[in-house]
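Working notes, structure below.
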Amino acid sequence: MPLNSFRNFAQVLCVLCALCGNALALDREAFTFTNYQLQVQIDPPTHSFTASGTITVRNDSQALQKNVTLQISSSLSWQSITLNHKRVLYVAHPYASDIDHTGFLSEAVVTLPQPVPPRATVELEVIYGGTIELDTTRLEQIGTPKDVAAKNDWDQISSEFTAVRGVGYVAWYPLAMESVSLNDGAEYTRALGAWKARHHDSTIRCAFTEPRDITIYFNGRSGRPNIGSSASRGATASIEWRAISVSDTPFFIVANYASKANAAATIYYLLHEEEQAEAWLKRALQVNLFLQQKLGRVVFILEAPKGNIPYVSRNFLIAPLHDLNSEEAEILLAYPASFLFQKAERPWIADGIAKFSQALQVEKLHGREAALAYMQQQRETLVEEEKENQKETGGAANAPSTSANSQSNAATSLVAGTDEVLYRTKAMFVWWMLRDILGDSVLQHALAKYRPEDDREPSYMQRLLEAEAAAQHVFPKMKLEEFFDDWVYRDRGLPDFKVASTYLRRLLGAPNGNNFILTVTVENLGNAGAEVPVTAAAGTRERVTQRVAVAAHGQASLRIPMVNQPHQVIINDGSVPESDISNNTSPVATPTASEERQPR
């Protein structure tokens with residue numbers, strides 16, 4: 001063996017031995033990726049992807065760090081990693097993780113010449129590349145049929161259509177996190193959310209080139225050579241440096257696009273689809289915005305091939321134009337159209353209001369009951385997520401919160417913003433409940449006064465709502481401080497309401513026409529309090545609904561006057577997410593003869 005080759009082999013062997021000896025000490029998440037500057041070249045016919053540039057990482061741990069972990073998709077490979085233009089030692093190996101569509105990452109553990117102190121930064125020069133093709137491995141591994149998996153993990157580089165999303169789909173830019181599996185859905189969403197939250201202030205700047213006269217689209221910026229004139233044969237499309245937040249899931253699309261726009265949206269559509277594009281622009285105008293005066297209605301719609309599951313991120317929507325009817329399109333568009341809190345650092349506000357707006361769009365189209373049914377379709381996913389969260393706190397779903405698990409409750413709370421199911425689905429319910437508690441006017445005026453730059457503490461939104469409620473003389477049955485503590489500041493789980501008792505009394509000679517008074521006692525077996533509607537029904541002849549606030553593990557009673565004798569009590573109309581809805585109805589006990597003779 002030549003001397004130089006032997007030395008290189010010996011160095012790598014030393015690195016391997018050191019890593020094996022310190023495997024337990026390797027902190028993959030010690031460094032935060034603060035800045036990327038990448039030049040990307042794409043060649044669709046060969047599915048190839050090449051990236052080069054610099055990445056800046058900051059040691060956010062409390063200890064000196066000698067090793068930096070860099071992960072990219074397993075379909076890509078590391079070609080060069082240097083520091084100050086000098087090669088550094090690194091060991092690359094496969095690393096199982098469903099953060100990439102292949103189910104694996106190509107992980108490079110870099111040994112730095114000098115340890116990096118806490119809060120210090122290092123700038124590494126990297127070159128890597130390979131191919132990005134359609135890959136359904138991770139979804140098939142959890143039992144998803146291949147054709148269904150292909151509709152979800154549609155990321156690929158190809159001559160027909162190129163679309164590649166970032167972390168959580170394809171690791172086309174370097175990252176570092178511990179292994180996660182889709183089999184553990186709650187942990188997967190939390191890990192992904194935590195990575196995004198940690199990189200909220202990180203930026204990625206990219207320059208893309210592609211060897212055809214074709215549109216390249218990168219998170220709100222598009223580029224095409226010789227726009228407005230005939231392109232020369234073999235022209236290269238490119239986008240100059242473009243910076244976005246890493247937490248926004250950077251994605252790029254290369255397609256033969258044309259574009260149109262109106263006051264509601266800009267749409268990029270495939271050639272010969274102009275009629276469909278016009279129809280979608282009209283649909284965007286039909287979206288019912290809860291804050292018409294506040295929202296900027298800046299929606300970007302990008303056409304995807306038929307069959308792909310639509311993807312929405314902030315005010316971007318990637319969807320096949322032919323697959324959805326008018327109503328489905330309007331409901332889908334409500335999300336990006338309502339995403340005006342784009343500068344808000346709290347996902348439960350930005351994403352939660354966007355999901356809430358989709359439910360409002362259903363209400364506009366088909367009424368309140370349809371909107372509640374739409375929300376209930378998503379309740380089961382939320383229930384399962386909360387069960388997983390409760391398991392990790394070491395308690396049962398309905399066990400009272402203690403100081404021992406309060407830290408875990410805070411870690412998965414809405415303000416923490418690390419669990420996508422919670423800050424989207426649970427937050428949707430939270431905004432709907434706040435609307436029911438306070439009314440449209442209070443909620444609309446408070447949100448109109450929201451300023452991202454003033455949102456420096458978790459209680460900012462609560463104080464806005466309290467001030468507006470007081471100004472409009474609205475006094476909710478449940479104090480907002482208690483509501484926010486159970487639903488926003490902590491992850492208390494979900495309520496579980498049941499009818500503890502009913503007591504019916506007949507009224508004799510009542511001047512207002514009411515012949516009965518029904519007293520209902522509602523018990524909450526859950527760990528979160530809520531204001532819930534209670535309905536007394538006398539068959540199809542009469543239904544009377546009142547609202548009552550029931551604290552966690554508490555009881556509350558209300559009296560409902562009725563003209564007709566009620567036979568059933570129904571708690572909750574679907575507006576409050578519960579862990580168990582099987583105990584929400586109860587028959588009303590018929591009063592005995594002695595009870596009827598009692599004076600009122």
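The values are calculated or read from the model by the stated rules, or taken from the named source; none is laboratory data. Note that the coordinates shown come from a computational prediction; the quantities given were computed from them, not determined experimentally. In this analysis, Cβ positions are derived from the backbone assuming ideal geometry, glycine residues included, and neighbour counts consider all displayed protein chains.
Assorted remarks:
- With respect to the conditions (1) surrounded by fewer than 17 Cβ atoms within 10 Å (Cβ to Cβ); (2) of a type in the set (Ser, Thr, Tyr); (3) outside any strand (DSSP E or B); (4) at pLDDT 95 or above, Ser579 falls short on a single one, namely (1).
- Residues being at pLDDT 95 or above, in contact with a Leu (Cβ under 8 Å, 6 or more places away or on another chain) and not in a strand (DSSP E or B) - total across the stretch 531-565: 1
- Of residues in the stretch 260-281 being free of Cβ contacts under 8 Å to residues at least 40 places away in the same chain and part of a loop (DSSP other than H, G, I, E, B), the one farthest from Leu317 (Cα to Cα): His272
- Checking Leu494 against (1) under 25 Å from the mean Cα position of the chain (by Cα); (2) at pLDDT 95 or above; (3) outside any helix (DSSP H, G or I); (4) surrounded by fewer than 20 Cβ atoms within 10 Å (Cβ to Cβ), the condition it does not meet: (4)
- Extreme residue, farthest from Glu578 (Cα to Cα), among residues of the stretch 385-401 that are at pLDDT 55 or above and loosely packed, with under 14 Cβ neighbours inside 10 Å: Gly394
- Taken over the stretch 143-170, the residue count meeting the criterion of being in a loop (DSSP other than H, G, I, E, B) and either more than 25 Å from the chain's Cα centre (by Cα) or within 22 Å of Ser77 (Cα to Cα) (or both) is 14.
- The number of residues in the stretch 310-340 being in a loop (DSSP other than H, G, I, E, B) and within 14 Å of the chain's Cα centre (by Cα) comes to 3.
- Any chance Thr545 is of a type in the set (Val, Ile, Thr) and over 30 Å from Ile349 (Cα atoms): no
- Filter result for the condition that a residue is in contact (Cβ under 8 Å) with a residue 40 or more places away in the chain, among the β-branched types (Val, Ile, Thr) and buried (at least 21 other Cβ atoms within 10 Å of the Cβ), over Ile142, Ile127, Ile81: Ile81
- Residue within the stretch 512-527 that is of a type in the set (Ser, Thr, Tyr), assigned by TED's automatic domain parsing to the domain that holds Ala589, in a strand (DSSP E or B) and closer than 24 Å to Gly493 by Cα present: yes
- Members of the stretch 438-489 that are surrounded by fewer than 16 Cβ atoms within 10 Å (Cβ to Cβ), of a type in the set (A, V, I, L, M) and touching a residue at least 40 places away in the same chain (Cβ under 8 Å): Ala448
- Residue-level analysis places Thr521 outside the set of residues that are modelled with pLDDT of 95 or more, touching a Pro at 6+ places or on another chain (Cβ under 9 Å) and surrounded by fewer than 19 Cβ atoms within 10 Å (Cβ to Cβ).
- Candidates Leu317, Leu291: the one that is under 30 Å from Arg451 (Cβ atoms) and in contact with a strand residue (DSSP E or B) (Cβ under 8 Å, 6 or more places away or on another chain) is Leu317.
- Of all residues making up the stretch 531-542, the number that are within 21 Å of Arg506 (Cβ to Cβ) and surrounded by 15 or more Cβ atoms within 10 Å (Cβ to Cβ): 5
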